[in-house]
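Okay, structure first, notes after.
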Amino acid sequence: MTPTPRHQSSTTSPLPPNPYTLPPLFTTDHHTIGRLYLLLALFSVIIGTTLSLHMRLHLIWPGLNIERILPGSYLAIMTVHGTIMLFFVLTTAPQSGFGNLILPAQIGSRRMALPLVNAFSFWLTALSLLVLCSSAFTEAGSPLSGWTAYPPLSAVASAGPGQGLGMDLWLASIALFAIASTMSSINTLVTIIRLRCEGMTWDRLPLTVWGWFTAALLSILAFSVLLAALLLLFCDRHAGTSFFLPANDLVNGTLHTSGSGSPLLWLHLFWFFGHPEVYIAILPGMGLTSMLLANFARRRVFAYRTMIVTTLLIGFLGILVWGHHMFISGLSPYAISAFSVSTIAIGIPATAKVLSWLATIWRSRPQYTTAMLFSLGFVSLFITGGLTGPILAQPILDQYLHNTFFVVAHFHLIMAMAGVFALFAATYYWFPQITRSATCPGRLMSETLGRWHFATTLLGAYATFLPMHLTGLAGEPRHYAQLSGVPNAAGHLLADLLPLNRFITAAAIFLASAQLLFLVNLVRSLRHGQLAPTNPWQATTMEWRPALKNISPIHETNSRADVSDLKIVVYRSPCEYHSSLHPSSFTPQWEPEITLNTTDDDPE
Amino acid sequence: MPATITPIDTDRDRKRRVDDHDNGSGRRPPNDNRDKRTGGGGDGDNWNERPHGSRGPRERLGSYRLALFFAIAGDLMFFVALVSVFFVARTTGHFDAYNRYINEWLPTAIPPILWLNTAVLLLSSVTIELARRSMFHEQHVMEEWFGLGKPTSRRAAPWLIASILLGSLFLAGQTIAWKQLASQHVFFASSQSSHFFYLITYTHAIHLFLGIGALLTALFGLYTSRQIETRQILVDCTAWYWHSMGLFWIFLFTLLAFFQ
Ligand code: HEM
Ligand SMILES: [Cu+2]
């Protein structure tokens with residue numbers, strides 16, 4: 001008996017011959033959606049970087065009046081910079097961009113579980129970005145209250161320019177973003193749980209997938225709380241409530257007598273979201289780093305299972321440490337001690353990760369490809385930034401450091417720079433996956449340009465952010481628009497820091513200019529890059545499986561031939577390299593038999 | 001002349017396990033509800049050897065249910081956040097000009113109609129469960145399988161309509177409650193406890209409003225979708241969403257009624 005083929009919508013749409021033709025607007029193809037997310041993140045990172053240069057210039061050169069060039073005051077620009085970078089770059093690109101492009105292939109699936117939800121959440125994200133940017137073009141500009149939106153500044157429209165319509169647009173934008181992220185995380189989780197191919201057991205999942213998985217779990221918990229907090233803030237602003245406004249608060253010359261709430265409440269709600277959010281941004285990068293170091297060192301990931309556990313543990317502990325952002329906000333000393341301990345505890349799994357990265361490459365002879373260099377850079381930045389974490393986690397030290405540039409240095413190294421380095425590593429490594437289409441193989445980026453890009457970026461990153469520790473220790477405050485013109489001793493102190501700040505600004509300009517190398521490389525390689533072989537990095541994970549025909553969107557193929565031709569099976573764990581001397585001797589996950597591609601024994 | 005007895009490769013690959021549920025049509029009937037583990041299962045069930053998307057009727061349903069589960073988990077966190085703020089606001093006060101500690105919390109009296117609304121909502125959970133069950137009624141599913149009309153949908157539709165009516169009745173009841181409060185001059189901005197009363201009832205009502213939208217979609221789907229799997233998914237997921245909102249309401253209502 002022949003099975004009745006189930007043709008629901010077996011219209012195999014003719015695939016575009018040119019991979020760069022614009023996709024149909026509301027495509028549900030995860031590959032296209034992933035690329036759209038990356039495009040959105042690229043656009044955002046360019047805006048965010050421009051804004052950051054603007055801030056640096058303003059700090060050392062307040063007389064220049066660059067406000068004429070870009071709309072908005074220093075603080076408004078800071079708000080948009082932080083919001084764009086954190087939400088639209090470091091959350092979308094790793095989690096949704098590469099999560100769409102690579103994740104299904106890595107678990108041996110041809111699609112994401114919920115294509116419509118996927119498309120919807122992308123367009124919601126795009127809308128959210130649009131709303132955020134539009135706040136800059138309102139009369140009073142974007143809000144001043146930073147990405148953390150502390151009340152009463154954020155709760156009272158008369159608190160400052162931009163706190164009226166600008167703030168409302170900010171709230172709308174972030175609410176849309178929260179909904180979009182939740183939906184895309186649901187998609188990620190269902191895909192990982194339901195669509196793993198045969199043989200892809202949980203402990204065979206690449207660590208990147210574990211990163212995506214944990215980050216998605218965190219997103220679902222954290223973004224919902226953020227949404228609730230935004231709703232309450234909105235009510236404070238427009239519905240006459242005062243959840244976050246204390247009684248008799250003097251805000252910008254007006255006395256608000258009717259309040260009955262507390263700004264501390266916002267801090268709790270916000271950081272319950274905010275701290276997991278920083279892990280959402282970094283966990284996929286951590287997973288990628290483990291996999292790339294192993295691949296280019298031709299070693300197994302050191303303590304693979306422990307790395308799975310530490311990923312989950314970091315996610316779990318990440319929910320319990322939010323109070324370390326509130327040490328000087330008037331928490332009870334008992335709560336402060338508890339949060340201090342939990343924060344230092346999160347250093348344990350983080351250190352375990354670092355040790356695994358170091359042990360994986362210890363005395364190996366890695367291939368120093370650009371992707372590998374950026375992964376090594378990630379490790380370096382993560383260590384440098386991580387060392388200041390336990391310092392800030394001590395309430396006494398944080399009293400002094402909390403509002404200084406020391407914190408800025410900490411989170412830029414460990415989150416911003418490390419996160420961006422992971423994104424660069426991902427781009428160089430997965431460029432063939434980004435550029436391939438059903439009919440064309442992908443392309444590689446130029447390695448020579450890439451190495452220059454890496455060297456200049458690493459130098460620029462350290463030159464920009466290391467000195468900030470010094471200015472912070474010396475007392476330079478955060479969120480100050482200018483350092484000159486301050487009276488008395490404080491002015492003296494800041495004036496002394498001006499030379500170092502000039503250096504930082506120069507370094508920041510250097511760092512930003514170095515990214516032109518990347519842009520040139522990107523644009524050139526899109527069309528003229530070397531065509532990539534099927535498995536250019538001799539990797540073991542499933543996205544490089546040669547026969548993976550990405551028919552998109554795949555519909556249920558039920559005819560017999562399809563079933564066996566297209567069946568994807570995994571036979572082993574990732575990272576089965578047989579010799580670091582013979583890079584071509586490895587067994588990928590899709591290979592049923594172990595093939596030793598080498599004749600002489602491994603001398604190591 | 002030897003006849004070709006060796007099947008071609010692709011035929012040989014498919015090992016079918018014939019078992020009692022198998023009606024020999026090559027496809028499992030859509031009421032087969034055994035565990036379809038995927039991903040490293042390898043438990044010998046040949047459905048798992050097929051590509052994703054063709055592993056039997058329950059595959060899609062399972063994915064959608066899981067997605068709904070995560071969505072509701074997120075939603076739960078949303079309400080947990082609101083409720084924690086409720087408790088914080090209820091228990092904290094402030095110091096006045098004479099340094100006296102003042103807790104201004106005055107509970108908002110619950111309009112009695114809310115009890116009735118709660119009963120209506122519970123009833124609607126029963127009707128939607130009946131609709132959900134009739135989508136999976138073994139015998140009717142088999143009849144559809146043989147092409148004998150749409151008995152499942154025919155039986156589910158009235159229950160769905162009943163749920164829509166009861167759901168709308170609940171919303172109407174909530175509106176009456178708001179009106180009653182307004183006539184006593186208790187508005188959103190009136191007092192701390194009224195903030196929460198309105199916030200909780202409004203957000204829950206929005207959820208139910210979306211739920212009614214989902215019910216209407218499901219009802220529409222019953223008449224337009226030919227695939228029984230799709231109809232099952234529509235009704236099933238809507239029902240679980242509706243049940244969750246009912247459960248949330250019980251908690252929220254208890255909170256408003258007894259914990260102010
Ligand atoms: C060893 C692990 C870490 C420890 C012990 C640690 C500790 C801290 C502490 C105590 C603060 C608060 C400082 C203050 O505001 O006064 C802080 C701020 C911050 N951390 Fe970390 N951290 C760690 C890892 C990370 C990671 C992995 C990321 C990001 C991926 C990150 C991102 C941030 C950000 C963005 C802020 C500042 C937020 C703001 O105030 O705007 N940290 N960290
Ligand atoms: Cu934190």
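The values are calculated or read from the model by the stated rules, or taken from the named source; none is laboratory data. Only a predicted model underlies this, so the values are computations on that prediction, with no experimental measurement involved. Methodologically, a virtual Cβ is constructed for each residue, glycine included, from the backbone with ideal geometry; neighbour enumeration extends over all protein chains shown. Surface accessibility is based on the protein's heavy atoms, side chains included, excluding ligands, DNA and RNA. Shrake-Rupley method; radii C 1.70, N 1.55, O 1.52, S 1.80 Å.
For the reader, a short list of remarks on this structure follows.
- Index of the failed condition, residue A:165 passing every other in (1) within 30 Å of residue A:294 (Cβ to Cβ); (2) of a type in the set (A, V, I, L, M); (3) more than 14 Å from chain B (Cβ to nearest Cβ): (1)
- Candidates B:72, B:128, B:110: the one that is in contact with a Ser or Thr (Cβ under 6 Å, 6 or more places away or on another chain), of a type in the set (Val, Ile, Thr) and surrounded by fewer than 19 Cβ atoms within 10 Å (Cβ to Cβ) is B:72.
- For segment A:150-162, taking the residues that are more than 16 Å from ligand 2 (Cβ to nearest atom) and surrounded by fewer than 24 Cβ atoms within 10 Å (Cβ to Cβ), the one that is farthest from the other protein chains (Cβ to nearest Cβ) is identified as A:161.
- Filter result for residue A:273 (within 16 Å of ligand 2 (Cβ to nearest atom), touching a helix residue (DSSP H, G or I) at 6+ places or on another chain (Cβ under 8 Å), open to solvent by less than 10 Å² (accessible area, probe 1.4 Å) and touching a residue at least 24 places away in the same chain (Cβ under 8 Å)): yes
- Pairs, first at the interface with chain B (Cβ under 10 Å from one of its Cβ atoms) and over 22 Å from residue A:228 (Cα atoms) in segment A:238-257, second open to solvent by 30 Å² or more (accessible area, probe 1.4 Å) and assigned to a loop (DSSP other than H, G, I, E, B), C-beta under 7 Å, six or more apart: A:247/A:257; A:248/A:257
- Flag for residue A:425 being within 16 Å of ligand 2 (Cβ to nearest atom), open to solvent by less than 20 Å² (accessible area, probe 1.4 Å), more than 14 Å from chain B (Cβ to nearest Cβ) and touching a residue at least 60 places away in the same chain (Cβ under 8 Å): no
- Any hit, segment A:203-211, residues being aromatic (Phe, Trp, Tyr), more than 7 Å from chain B (Cβ to nearest Cβ) and open to solvent by 10 Å² or more (accessible area, probe 1.4 Å): yes
- Matching residues, segment A:580-603, being modelled with pLDDT of 80 or more, surrounded by 18 or more Cβ atoms within 10 Å (Cβ to Cβ) and away from chain B (no Cβ under 14 Å): A:585, A:586, A:587, A:588, A:590
- Qualifying residue in segment A:387-395 (condition: more than 16 Å from ligand 2 (Cβ to nearest atom) and more than 12 Å from residue A:324 (Cβ to Cβ)): no
- Members of segment A:90-111 that are more than 19 Å from the chain's Cα centre (by Cα) and open to solvent by 10 Å² or more (accessible area, probe 1.4 Å): A:110, A:111
- Any hit, segment A:214-231, residues being within 14 Å of another protein chain (Cβ to nearest Cβ), open to solvent by less than 10 Å² (accessible area, probe 1.4 Å) and in a loop (DSSP other than H, G, I, E, B): no
- Counting only helices (runs of 4 or more DSSP H) that sit wholly inside segment B:137-256, those with at least 1 residues that are touching a Leu at 6+ places or on another chain (Cβ under 7 Å) and of a type in the set (Ser, Thr, Tyr) are B:151-183, B:192-224.
- Selection within segment A:282-331 - touching a Ser or Thr at 6+ places or on another chain (Cβ under 6 Å) and within 16 Å of ligand 2 (Cβ to nearest atom): A:283, A:315, A:320, A:321, A:324
- Selected residue [open to solvent by less than 20 Å² (accessible area, probe 1.4 Å), within 30 Å of residue A:249 (Cβ to Cβ) and modelled with pLDDT of 80 or more] from B:80, B:85: B:85
- Any hit, segment B:97-105, residues being touching a residue at least 12 places away in the same chain (Cβ under 8 Å) and either more than 14 Å from chain A (Cβ to nearest Cβ) or open to solvent by 70 Å² or more (accessible area, probe 1.4 Å) (or both): yes
- Residues that are within 16 Å of ligand 2 (Cβ to nearest atom), away from every other protein chain (no Cβ under 14 Å) and not β-branched (Val, Ile, Thr), drawn from segment A:332-380: A:338, A:339, A:340, A:342, A:345, A:347, A:349, A:350
- Check on residue A:185, in a helix (DSSP H, G or I), at the interface with chain B (Cβ under 9 Å from one of its Cβ atoms) and closer than 18 Å to residue B:81 by Cα: no
- Every condition in (1) crowded, with 24+ Cβ neighbours inside 10 Å; (2) in contact (Cβ under 8 Å) with a residue 24 or more places away in the chain; (3) closer than 28 Å to residue A:80 by Cβ is met by residue A:169 except one, and the failing one is (1).
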